[in-house]
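Read the structure below first, then the notes.
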Amino acid sequence: MITKQKGTYDIYGDLAKKRAYVDDVLASICEKYNYGYIETPVFESSDLFHRGVGESTDMVKKETYDFKDRGDRNLTLRPEGTAGVVRWFIENKLYGNMTDPVKVFYNMKMYRYERPQSGRNREFTQWGFECFGSDDVMSDAEVISLAYNAYRLLGLDDVTIKLNSLGDSESRNTYREKLVEYFKPHINNLCEDCQERLKSNPLRILDCKIDAENDILKNAPKTLDYLNKESKSRFEKLKDLLDMMDINYEIDERLVRGLDYYNHTVFEVVLNNSYALGGGGRYNGLVETLDGPSTPGVGFAMGYDRTILAMEENNVNIPINDSIDVYLLYVSASEKETACYLAQDLRLNGFIAETDLMNKSLKSQFKSVDRFNAKYLVVLNDNDLKENKITVKDNKTKEEESINLNNLVDYLDMHI
């Protein structure tokens, strides 16, 4: 028997309904913030992610699905959304004559080779959004606001924004030098990955999960101590805006995020002050890195699996429709034909309608009515149909009524 691959899963039943609900909520709030939908290809040139995400990141070094196609091209399954959206932005020359920011959101499958665990799979769906063109700190605040309020609309009230600043290039370079200076004497007391990171990307040491509780990391220099005047002023303005919008945030000076392209604002959305749901930040140099003109950008991404798991664990009521509107019952061949066209008519008029497709007995059809939790059932009878009549039954009250066949849609409109 062929089975699904490790770290993947089938989406159906209640899980599919929960995801559809989350889809609707997220698409709705993105519409209110005037973000349009985008979907990029599931595979792209490997160079896009290696350059965009960063060769020194764990994602590129250990987790990407890289392969050659039949034309000997190096391709990679999409591991995250931002790089592909930036490629789209550049390829379509959307940077030309920008008078307003370009704002888009996505809801796409991603692929990373890592050990599957609760809320983390090799194939997963990520929702995110990106804003290009504005370097004003107000756009940082808008992105944080959108992320924060999306979770609250999903019923996760106890969310906090963990906030930090990496500063501009000057501030980040100064901080990087201080980190290298600090970690060098202690490097043999850190994990092998961190020993390698000291050479390639010392900021990533702060994001290490193995040494997270190591005093060496806890006592490391803080980013905010090395911000220049301009970067510090920008961060203070961001905090003022978040205060004005009544967004709950906390400063986390160890927060650096796991990707190379961030500068200035970095943030995570955390539930119950312990459970990270998603994160993002500003990436002003990424468009240039991928051969576009200098263009500021800021964005956010979160995983569906972890979000739905958090909703379930926190007893959020996720609306799931577990009933249909009407079930059509028949016995004879002519009644069956009527059921066929009536079912289509009801569906095209907005009702969830079902009828028997298995040639079951009437008794078995009544069992299907209960399994589908039908609100109403329609009993088709040849004698009634000759007079253009049908019997409609309320499955809850068990009350029956004989009505004109042509009035069925209006009847259901009034009662459902």
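The values are calculated or read from the model by the stated rules, or taken from the named source; none is laboratory data. Because the structure is a prediction, the values reported are computed rather than measured. With ideal geometry, Cβ positions are generated from the backbone for all residues, glycine too; neighbour counts draw on all protein chains shown. Side chains are part of the model used for accessible areas, which takes the heavy atoms of the whole protein and leaves out ligands, DNA and RNA. Shrake-Rupley method; radii C 1.70, N 1.55, O 1.52, S 1.80 Å.
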Using a 1.4 angstrom probe and counting only protein chains, how large is the accessible area of S233 in Å², to 10? 70
Can you tell me the dipole magnitude for the range 278-345 around its Cα centre, using point charges on the Cβ only (Lys, Arg +1; Asp, Glu -1), in Debye to the nearest 20? 280
Under a Gaussian network model of the chain whose springs join Cα atoms within less than 10 Å, the largest fluctuation of H50, H186, H264 belongs to H186
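Looking only at Cα atoms, what is the convex hull volume of the range 282-416 per residue, in Å³? Show your work: numbers first, answer last.
On the way: hull volume 29.8 nm³, N = 135.
Normalising the Cα hull of the range 282-416 by residue number yields 221 Å³.
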Pick from V102, V287, V379: which is most flexible by mean-square fluctuation in a GNM of the chain where alpha carbon atoms under 10 Å apart are linked? V379
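Could you calculate the contour length gain from N188 to E401, that is, 0.36 nm times the residue separation minus the distance between their Cα atoms, to one decimal place in nm? Walk me through the numbers on the way to the answer.
Details: separation 213, 0.36 × 213 = 76.68 nm, distance 8.25 nm.
Difference between extended and current length: 68.4 nm.
Rank these residues by their accessible area, most exposed first, probe 1.4 Å: K229, K184.
Working: K229 180, K184 130 Å².
If we order K229, K184 from most to least accessible, we get K229, K184.
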Residue pairs, from the table K62/K93; K61/K178; K162/K232; K18/K209; K109/K162, whose Cα atoms sit over 22 Å apart: K62/K93; K61/K178; K18/K209; K109/K162
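Please return the longest range in the chain lying between exposed loop sites, taking GluC sites (Glu not before Pro), DSSP loop only, at most 16 other beta-carbon atoms within 10 Å, and leaving the sites out. Mind dumping the intermediate values first?
On the way: sites that count: E39, E55, E114, E213, E253, E387, E399.
Counting at most 16 other Cβ atoms within 10 Å as exposed, the longest clean stretch of the chain is 254-386.
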P(r) of the range 37-90 over all Cα-Cα pairs, binned every 5 Å from zero, in whole percent: 4, 21, 33, 23, 14, 4, 0
Table column - 3J(HN,Hα) (Hz), the range 215-224, Karplus curve with 6.51, -1.76, 1.60, x for Gly and Pro: 4, 4, 6, 4, 9, 5, x, 9, 4, 5
What one gets for the range 108-155 as the Kirkwood radius, inverse of mean 1/r over different Cα pairs in Å, is 13.2
Kirkwood-Stokes translational diffusion coefficient of the range 92-176, alpha-carbon pairs, 10 °C, 1.306 mPa s, µm²/s: 97
HN-Hα couplings for the range 274-279 via Karplus (6.51, -1.76, 1.60; θ = phi - 60°), in whole Hz with x for Gly/Pro, come out as 8, 10, 6, 9, x, x
Mind listing the phi-derived Karplus ³J(HN,Hα) values for the range 102-119, rounded to whole Hz, using 6.51, -1.76 and 1.60 with θ = phi - 60°, and x for any glycine or proline? 8, 10, 9, 10, 9, 8, 9, 6, 10, 9, 9, 8, 8, 5, x, 8, 4, x
Solvent-accessible ranking of I11, I390, I210, largest area first, probe 1.4 Å: I210, I11, I390
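Please report, as a whole percent, how much of the solvent-accessible surface of the range 100-208 comes from carbon and sulfur atoms (probe radius 1.4 Å). Please report the intermediate quantities before stating the final value.
Numbers: 1810 of 4470 Å².
The value for the range 100-208 is 41 percent carbon and sulfur by accessible area.
What ranking of M108, M245 comes out by heavy-atom accessible area, probe 1.4 Å, highest first? Walk me through the numbers before you get to the answer.
On the way: M108 5, M245 85 Å².
Most to least solvent-accessible, the answer reads M245, M108.
Once the Cβ-Cβ distance between A333 and S274 is put in as r, and R0 is 41 Å, what FRET efficiency do you end up with, to the nearest 0.05?
0.05
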Any chance you could run the full-extension gain for E63 through K363? It's 0.36 nm times the residue separation minus the Cα-Cα distance, nm to one decimal. 102.5 nm
Alpha-carbon centroid distance for the pair the range 103-129 / the range 391-414, whole angstrom: 46
Top of G71, G96, G155 by mean-square fluctuation, Gaussian network on the chain, Cα under 10 Å: G71
For the chain, alpha-carbon Rg over 2.2 N^0.38 Å: 1.27
So the label point goes 7 Å from the Cα of Q195 along Cα→C-beta, right? Which residues of the range 162-184 then have their backbone N under 17 Å from it? 183-184
Full-extension gain between K239 and D345, please, as 0.36 nm times their residue separation minus the C-alpha to C-alpha distance. 32.6 nm
Hydrodynamic radius by Kirkwood, which averages 1/r over all alpha carbon pairs of the range 44-155, in angstrom: 16.0
Projected onto the charge dipole of the chain (unit charges on the beta-carbon of Lys, Arg, Asp and Glu, signs +1, +1, -1, -1), the Cα from V137, L342, N359 with the largest positive-side position is that of N359
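Using the Cα centre as the reference, give the magnitude of the dipole from point charges on the C-beta atoms of the chain (Lys, Arg: +1; Asp, Glu: -1; all else neutral), rounded to the nearest 20 debye. Please list the in-between numbers first.
Details: 54 positive and 70 negative charges, 208 e Å.
Result for the chain is approximately 1000 debye, rounded to the nearest 20.
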For the range 131-151 and the range 271-302, write down the distance between their C-alpha centroids in whole Å. 10
